[in-house]
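For reference, the structure discussed in these notes is given below.
The values are calculated or read from the model by the stated rules, or taken from the named source; none is laboratory data. Owing to the predicted nature of the structure, the values given are computational and were not obtained by experimental measurement. Ideal geometry is used to build each Cβ from the backbone, glycine not excepted, and the neighbour counts take in all protein chains shown. Calculation scope for accessible area: heavy atoms of the full protein, side chains included, ligands and nucleic acids excluded. Shrake-Rupley method; radii C 1.70, N 1.55, O 1.52, S 1.80 Å.
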Amino acid sequence: MKRILIAEDDPDIASLERDYLQLNGMSADIESDGSRALERLLGHGYDALVVDLMLPGCSGFEIIRGVRAELEIPVIVVSARAEDIDKIRGFELGADDYLVKPFSPSELVARVKSHLARYERLAGGSRTDSIVSGNLEIQIQAHKVTVNGKEVEFTSTEYALLVFLASHPDQVFTKEQLFSAVWGEGYAGDTATIAVHIQKLRKKIERDPANPMTIETLWGTGYRFNRK
């Protein structure tokens, strides 16, 4: 049974999230204080985090940062903050998904399940040992990426997107196709997040992120990984 921690200080919303997750075969605990939530996450073997951004103790942003420094688990933000700047900051820190309140509890469950399944697929490895393109090397079994011989850290979502693109060089994919490939068929989410993750990838692998040569944008069409 998958264990989910809900970091939420609104008791009604927290109870709703817990009830729906439990009805779908998961174990869910609630923590209303941000500092205690982070402490529990780092020491109690949770499989995923559902987190609000506005919490006492420490913010959801701080929790995401702390989790990503230590853990590789799905992080789903559920927040009343609907501004793009908040979504972008959440993704930059390593969130996998972002739901705006009010939200559908069933959609939350679907997203948690989707991310759990994706993390499991990534942990399972691949038949391909490595992908090499210029100064970039992706070691699939080791879940390791090096640029110019130096290891670079990626979130699970960034890694999955990079591996998919690098596994299909010189092919053009729309945002919708990438979203479906990385998040799963039938997944209901915002394809605008693809642009955020592409930008993050470029910062980590491109010599000049402002003029990308590896992950190219074809305006009005999509993205292409240029293998060297």
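Loop-located GluC sites (Glu not before Pro) across region 65-112 with a Cβ neighbour count of 16 or fewer within 10 Å are Glu72, Glu83, with loop assigned by DSSP. Report note on the peptides 60-66, 130-136, 178-184: ranked by the mean count of other C-beta atoms within 10 Å, highest first, their order is 60-66, 178-184, 130-136. Across all directions, the average projected area of the convex hull around the alpha carbons of region 31-94 is 3.8 nm². Taking only the C-alpha atoms of region 59-118, Rg followed by Dmax gives 11.4, 30 Å. If you model the chain as an ellipsoid using its alpha carbon gyration tensor, with each semi-axis the square root of five times an eigenvalue, the axes come out at 31, 18, 17 Å, biggest first. Across all Cα pairs in region 40-145, the calculated P(r) in 10 Å bins from zero up to the longest distance comes to 13, 38, 32, 14, 2 percent per bin. Among the protein heavy atoms of the chain, carbon and sulfur supply 49% of the accessible surface, probe 1.4 Å, non-protein parts ignored. Our helix-only sum for the chain, with -39,500 (n - 2.57) per DSSP H run of n ≥ 4 divided by its residues, gives a mean residue ellipticity at 222 nm of -13000 deg cm²/dmol.
If you roll a 1.4 Å probe over the heavy atoms of the protein chains, what accessible area per residue do you get for region 132-204, in Å²?
Solvent-accessible surface per residue comes out at 44 Å².
Scoring 8-14, 195-201 by mean Cβ neighbours within 10 Å over their residues and listing the highest first yields 195-201, 8-14. Here the Karplus curve 6.51 cos²θ - 1.76 cosθ + 1.60, taken at θ = phi - 60°, turns the phi angles of region 166-178 into couplings of 5, 7, 10, x, 6, 10, 9, 10, 6, 4, 5, 5, 5 Hz, with x standing for Gly and Pro. Heavy-atom accessible surface of region 20-105, averaged per residue, reaches 42 Å², computed with a 1.4 Å probe. Look at the alpha carbon pairs under 8 Å that are at least 6 residues apart: their mean separation over the length of the chain gives a relative contact order of 14 percent.
Listed cross-link partners Lys87/Lys203; Lys113/Lys150; Lys113/Lys204 are compared with a 26 Å cut-off, the Cα-Cα value being larger for Lys113/Lys150; Lys113/Lys204.
Of the GluC sites (Glu not before Pro) found in region 126-228, the ones in coil according to DSSP and having at most 15 other Cβ atoms within 10 Å of their Cβ are Glu153, Glu185.
Please figure out what share of the DSSP beta bridges in the chain is antiparallel and state it in percent, rounded to the nearest 5.
50 percent
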